[in-house]
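The structure under discussion appears below in the form of structure tokens.
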Amino acid sequence: MNETPYPFDKETWAQLPALFENLPEPVHIIMWGDPAESEAEKETAVLLQSLANRFNTLTHQVLPRRVNYDFYPVIGVMGGPAEEWTDFGVRLIGRPNGYAMTSFVTAVQAVSFRGMTLEAVTRIKLKQLSRPVNIELFSAADNEAGALMAQPLFNMAVVNEHIRTFFIMADQFPTAVTRYSLSYLPHMVLNGRVHLEGVVDEGEILQQIGTAVKTTIS
């Protein structure tokens, strides 16, 4: 792919059709940011353009920065149909690279498959949740465990409209690390006050969501 300087080497580019060509539902990807402001925003815009050019299942657009985000670029992954995109509250903050690129792919698949890779019991229990939950997952390009945690969290956002999942590249935003005094990745923060480190299963995530909203999910 000589025409696109970023973001894929030949080996990775060759693997992408298996991930994106057969998505069951179309996906629309928005980047909020300004390609003229930073290299990360410029490269992310190229990433989205290259994917949309290659795969019919994906479309994209770049929108200006918004006052309600602290860091850029911000990627929002929306579900179809194309005539009326649905915002499931799936966000990635920062330029996807390394294992964070795996999380980007996971976000696209979670939206397209409507969260169906969650365990059935998890989907049933999530129906009990009627209070807003913002989940911030801090990871890094070299943190494989962060990619593992992103998978259920993105799917939970798709399944329950009250959940919003933000995957934040902590290695790109040191001030975010300082804000929460992070010492270990991945690190999950629910509603700004409930903290959880490392890789945990869906049952533990549900329990911590219950703690964050002061209810029991069983």
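The values are calculated or read from the model by the stated rules, or taken from the named source; none is laboratory data. None of these values were measured; they are calculated from a predicted model. No Cβ is skipped: glycine too gets one built from the backbone with ideal geometry, and neighbour counts run over all protein chains shown. Quick note on the areas: whole protein, heavy atoms, side chains included, nothing else; ligands and nucleic acids left out. Shrake-Rupley method; radii C 1.70, N 1.55, O 1.52, S 1.80 Å.
Only one of the numbered conditions (1) more than 12 Å from residue 205 (Cβ to Cβ); (2) outside any strand (DSSP E or B) is not met by residue 167, and that is (2). Inclusion of residue 71 among residues that are surrounded by 19 or more Cβ atoms within 10 Å (Cβ to Cβ), under 21 Å from residue 168 (Cβ atoms) and touching a residue at least 40 places away in the same chain (Cβ under 8 Å) is not warranted.
Within region 18-26, is there a residue that is farther than 23 Å from residue 134 by Cβ, of a type outside the set (D, E, K, R), open to solvent by 30 Å² or more (accessible area, probe 1.4 Å) and part of a helix (DSSP H, G or I)? So far as region 18-26 goes, yes, one or more of its residues are farther than 23 Å from residue 134 by Cβ, of a type outside the set (D, E, K, R), open to solvent by 30 Å² or more (accessible area, probe 1.4 Å) and part of a helix (DSSP H, G or I).
Here 31, 101 are screened, and the one residue that is surrounded by fewer than 20 Cβ atoms within 10 Å (Cβ to Cβ) and of a type in the set (A, V, I, L, M) is 101. Residue 198 falls short of the stated requirement of being at negative phi, open to solvent by 10 Å² or more (accessible area, probe 1.4 Å) and in contact with a helix residue (DSSP H, G or I) (Cβ under 9 Å, 6 or more places away or on another chain). Looking only at region 152-162, decide whether some residue is out of contact with any strand residue (DSSP E or B) (no Cβ under 9 Å at 6 or more places or on another chain), open to solvent by 80 Å² or more (accessible area, probe 1.4 Å) and without any contact (Cβ under 8 Å) to a residue 60 or more places away in the chain. Within region 152-162, not a single residue is out of contact with any strand residue (DSSP E or B) (no Cβ under 9 Å at 6 or more places or on another chain), open to solvent by 80 Å² or more (accessible area, probe 1.4 Å) and without any contact (Cβ under 8 Å) to a residue 60 or more places away in the chain. Among the residues of region 71-125, those that are among the aromatic types (Phe, Trp, Tyr) and farther than 19 Å from residue 161 by Cβ comprise 71, 72, 99, 104. A single entry from 137, 182 fulfils the requirement of being part of a loop (DSSP other than H, G, I, E, B) and in contact with a strand residue (DSSP E or B) (Cβ under 8 Å, 6 or more places away or on another chain): 182.
Is it the case that region 204-216 has a residue that's in a loop (DSSP other than H, G, I, E, B) and modelled with pLDDT of 95 or more? No; the residues of region 204-216 include none that is in a loop (DSSP other than H, G, I, E, B) and modelled with pLDDT of 95 or more.
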